[in-house]
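In what follows, a structure is listed as structure tokens, so that the remarks can point back to it.
The values are calculated or read from the model by the stated rules, or taken from the named source; none is laboratory data. The shown structure was predicted, so the numbers you read here are calculated from the model rather than taken from an experiment. Here the Cβ is made from the backbone with ideal geometry for all residues, glycine too, and neighbour counts use every protein chain on show.
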């Protein structure tokens, strides 16, 4: 088909916006896609209406995530009735038929950088495009490169994809497939490029980050961190989520070696605080294993922030199981918790189990766990009142600059009239008020 020149120009300068649901990996993949499309001449409109293309990067980690994915796709259609609606990611991979009913182009968890070509094909044919393939064919890492940050101050760098744990409640292995590790040189090059653009903190992200290198047997997470420390000048490196069984002595020794540059924060999913529940979940540890590892970590890093995820109301959870979980999370003393009410997912092993709890009971148990989590968060934060920290400022909220410490304390600094975004500042934490930590400025990086 021959296109008039003005239409050719339009195709290569389209306005687009994105909506991202879910985890840090999704954030990275959206950033990389934005970067790729801008390189091809498209114009990114943040939170935009009146665009030519709207891209929704979906999530399927819970039933609520599925619902939000559907809602966001429909909302994009309502807000941009003339736009091409592209849905991609985990919800699309696992609910392809549903996605086809509400989007013009659907892409699973592979080939997301094909958006440019697929949109052009859609413009030519005006026919709906289904670009979803079986995850059984996903055996190699799907390379996505990030040369700049468009939506965040801190940089998420994806190092692996896939999960083979097959926890009984989870669809992610069916959405992401087998473990696939990214080439270490590619990771190093990307971090160095982001450092050139004044990125000061990188978060290493993956679907199951701690399994990095297990598929290639040539490297592991500890050795990757060693290379990053030696071959880049990144100011701070942070790990996203890591499973308990992937925390090795080598990894802890490497973090200890570079603790002035590696964040004192580990997010270690718990999911259940009762051994009976953990067994039904098909988790690969019991509470004694979890407690032993946390004690080992804290013996090396007394002030480290240990954060976690936990499910409330899993299948067959008795009142005794629930009380065991409450007592266990209090015993560990997490710095922060993400509490998820259990949601039934078709296609999982848990869906076929007997003993599903009433939704109201699940909601009540989640509420109780959230209350305990809030108490632990306050107790952890109070320990640091009066102490000084280096803080990377990420954004401004009202009349305060906001950033995080190495141990993931969110700190509020009064606006002093200077633009502190993406600056490293030194501050003293003064008080915890209305669940917010307020601090006073001691100096900026160049002043100390």
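Could you list, in sequence order, the residues of the stretch 317-328 that are out of contact with any helix residue (DSSP H, G or I) (no Cβ under 6 Å at 6 or more places or on another chain) and either in a loop (DSSP other than H, G, I, E, B) or buried (at least 22 other Cβ atoms within 10 Å of the Cβ) (or both)?
Hits for the stretch 317-328 are 318, 325.
I'd like the full set of residues that are in contact (Cβ under 8 Å) with a residue 40 or more places away in the chain and surrounded by fewer than 18 Cβ atoms within 10 Å (Cβ to Cβ), limited to the stretch 349-359. Even if it seems obvious, please write down each step before you answer.
First, pick out the residues of the stretch 349-359 that are in contact (Cβ under 8 Å) with a residue 40 or more places away in the chain: 349-350, 353, 355-357.
Correct list: 349, 353, 355, 356.
Would the stretch 421-435 turn up any residue that is closer than 30 Å to residue 331 by Cβ, surrounded by 13 or more Cβ atoms within 10 Å (Cβ to Cβ), touching a helix residue (DSSP H, G or I) at 6+ places or on another chain (Cβ under 6 Å) and in contact (Cβ under 8 Å) with a residue 12 or more places away in the chain?
yes
Please determine whether any residue of the stretch 267-276 is under 21 Å from the mean Cα position of the chain (by Cα), surrounded by 15 or more Cβ atoms within 10 Å (Cβ to Cβ), in a strand (DSSP E or B) and on the phi > 0 side of the Ramachandran plot.
Within the stretch 267-276, the first condition is being under 21 Å from the mean Cα position of the chain (by Cα), and the residues that meet it are 267-272.
Remaining after also requiring surrounded by 15 or more Cβ atoms within 10 Å (Cβ to Cβ): 267-272.
The next check asks that each one be in a strand (DSSP E or B); those that pass are 267, 271.
Narrowing further to those that are on the phi > 0 side of the Ramachandran plot: 271.
Scanning the stretch 267-276, I find at least one residue that is under 21 Å from the mean Cα position of the chain (by Cα), surrounded by 15 or more Cβ atoms within 10 Å (Cβ to Cβ), in a strand (DSSP E or B) and on the phi > 0 side of the Ramachandran plot, so the answer is yes.
Considering only residues of the stretch 47-61 that are part of a loop (DSSP other than H, G, I, E, B) and under 28 Å from residue 172 (Cα atoms), which is modelled with the lowest pLDDT? Explain how you work it out, then say what you get.
Restricting attention to the stretch 47-61, the residues satisfying the condition of being part of a loop (DSSP other than H, G, I, E, B) are 47-52, 59-61.
Still in the running and under 28 Å from residue 172 (Cα atoms): 47, 59-61.
Values: 47: 80, 59: 95, 60: 94, 61: 92.
That would be 47.
Assess whether residue 250 counts as being surrounded by fewer than 20 Cβ atoms within 10 Å (Cβ to Cβ) and within 27 Å of residue 297 (Cα to Cα).
Numbers: surrounded by fewer than 20 Cβ atoms within 10 Å (Cβ to Cβ): yes; within 27 Å of residue 297 (Cα to Cα): yes.
Here the answer is yes, as residue 250 does meet what is asked.
For the stretch 81-107, what are the residues that are surrounded by 19 or more Cβ atoms within 10 Å (Cβ to Cβ) and either part of a loop (DSSP other than H, G, I, E, B) or free of Cβ contacts under 8 Å to residues at least 12 places away in the same chain (or both)?
Step one: filter the stretch 81-107 for residues surrounded by 19 or more Cβ atoms within 10 Å (Cβ to Cβ), giving 83-95, 99, 103-107.
Passing the criteria: 83, 95, 103, 104.
Answer yes or no: is there a residue in the stretch 292-314 that is surrounded by 21 or more Cβ atoms within 10 Å (Cβ to Cβ), in a loop (DSSP other than H, G, I, E, B) and in contact with a helix residue (DSSP H, G or I) (Cβ under 8 Å, 6 or more places away or on another chain).
yes
Just to confirm my filter: which strands (runs of 3 or more DSSP E) fall fully inside the stretch 329-448 and include at least 3 residues that are more than 20 Å from residue 270 (Cα to Cα)? Full working, then the answer.
Values: elements: 336-341, 388-397, 400-404, 410-414, 424-433, 436-444.
Here the list reads 388-397, 400-404, 410-414, 424-433, 436-444.
Please state which one of 127, 110, 145 is over 22 Å from residue 207 (Cα atoms), in contact with a helix residue (DSSP H, G or I) (Cβ under 9 Å, 6 or more places away or on another chain) and either in the same structural domain as residue 87 (by TED's automatic domain parsing) or assigned to a loop (DSSP other than H, G, I, E, B) (or both).
Numbers: 110 fails: over 22 Å from residue 207 (Cα atoms); 145 fails: over 22 Å from residue 207 (Cα atoms).
Answer to the selection: 127.
Condition check ((1) surrounded by fewer than 15 Cβ atoms within 10 Å (Cβ to Cβ); (2) more than 18 Å from the chain's Cα centre (by Cα)) across all residues:
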position: 113; (1), (2): no, yes
position: 124; (1), (2): yes, yes
position: 128; (1), (2): yes, yes
position: 135; (1), (2): no, yes
position: 139; (1), (2): yes, yes
position: 162; (1), (2): no, no
position: 175; (1), (2): no, no
position: 194; (1), (2): no, yes
position: 197; (1), (2): yes, yes
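I want to confirm something. Restricting to the stretch 360-399 and keeping residues that are without any contact (Cβ under 8 Å) to a residue 12 or more places away in the chain and over 21 Å from residue 306 (Cβ atoms), which single residue is surrounded by the most Cβ atoms within 10 Å (Cβ to Cβ)?
364
I'd like to know if the stretch 334-341 contains one or more residues that are surrounded by fewer than 18 Cβ atoms within 10 Å (Cβ to Cβ) and either touching a helix residue (DSSP H, G or I) at 6+ places or on another chain (Cβ under 6 Å) or over 20 Å from residue 62 (Cβ atoms) (or both).
No, the stretch 334-341 contains no residue that is surrounded by fewer than 18 Cβ atoms within 10 Å (Cβ to Cβ) and either touching a helix residue (DSSP H, G or I) at 6+ places or on another chain (Cβ under 6 Å) or over 20 Å from residue 62 (Cβ atoms) (or both).
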